[in-house]
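Asker: Starting off with a structure, shown below.
The values are calculated or read from the model by the stated rules, or taken from the named source; none is laboratory data. As the structure is a computational prediction, the values presented were derived from the model and not from experiment. Every residue, glycine as well, gets a Cβ built from its backbone with ideal geometry; the counts of neighbours run over all protein chains shown.
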Amino acid sequence: MIATRFEETDLLDYYDVDADGRFEHTAQMRNCGGATCVDPIDAIIGRGVDAVIITGLTPDSLMRFHQGSVRVLMTSDPAVRATLDALARNELEEITIDQFARLEKCRK
């Protein structure tokens, strides 16, 4: 399952997606968040990741991803398989800073 908010996730899973829409699980990293650990956003940017898929995140995390040229895609389904299938069908919405501001206003 995908964590409710990116910042609350325990594990980060990395997948490669080929042109046919097939997925290969390539790596997994524990998000330990302590002083001895690598910041998960820095780790993602450092791996050259093209996009992350989230169900929620803070404005600070969104800005850091955008500054690192990582696209942020939103899913409403926390099931990994269903989310990967939606990605293959190009059904996930990319979240920009402007879209995030509109989403936050709708939640209030």
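Asker: Name the pairs: first residue in the stretch 64-87 and farther than 16 Å from Asp13 by Cα and in contact (Cβ under 8 Å) with a residue 60 or more places away in the chain, second residue surrounded by 16 or more Cβ atoms within 10 Å (Cβ to Cβ) and among the acidic types (Asp, Glu), Cβ to Cβ under 6 Å, at least 6 apart or on different chains?
Answerer: Listed pairs, sorted by first residue: none to list.
Asker: Go through the stretch 38-50 and give me each residue that's touching a residue at least 24 places away in the same chain (Cβ under 8 Å) and within 12 Å of the chain's Cα centre (by Cα).
Answerer: Pro40, Ile41, Ile44, Ile45, Val49
Asker: What are the pairs, 6+ residues apart or on separate chains, where a residue within the stretch 1-21 that is polar (S, T, N, Q) has its Cβ under 6 Å from a residue that is modelled with pLDDT under 80?
Answerer: Note: pairs meeting the criteria are Thr9/Ala3; Thr9/Asn31.
Asker: Would you confirm whether or not the stretch 93-102 contains a residue that is modelled with pLDDT of 90 or more, within 11 Å of the chain's Cα centre (by Cα) and surrounded by 12 or more Cβ atoms within 10 Å (Cβ to Cβ)?
Answerer: yes
Asker: Tally the residues that are part of a loop (DSSP other than H, G, I, E, B), surrounded by 15 or more Cβ atoms within 10 Å (Cβ to Cβ) and in contact with a Ser or Thr (Cβ under 8 Å, 6 or more places away or on another chain), restricting the search to the stretch 57-76.
Answerer: So the answer is 1.
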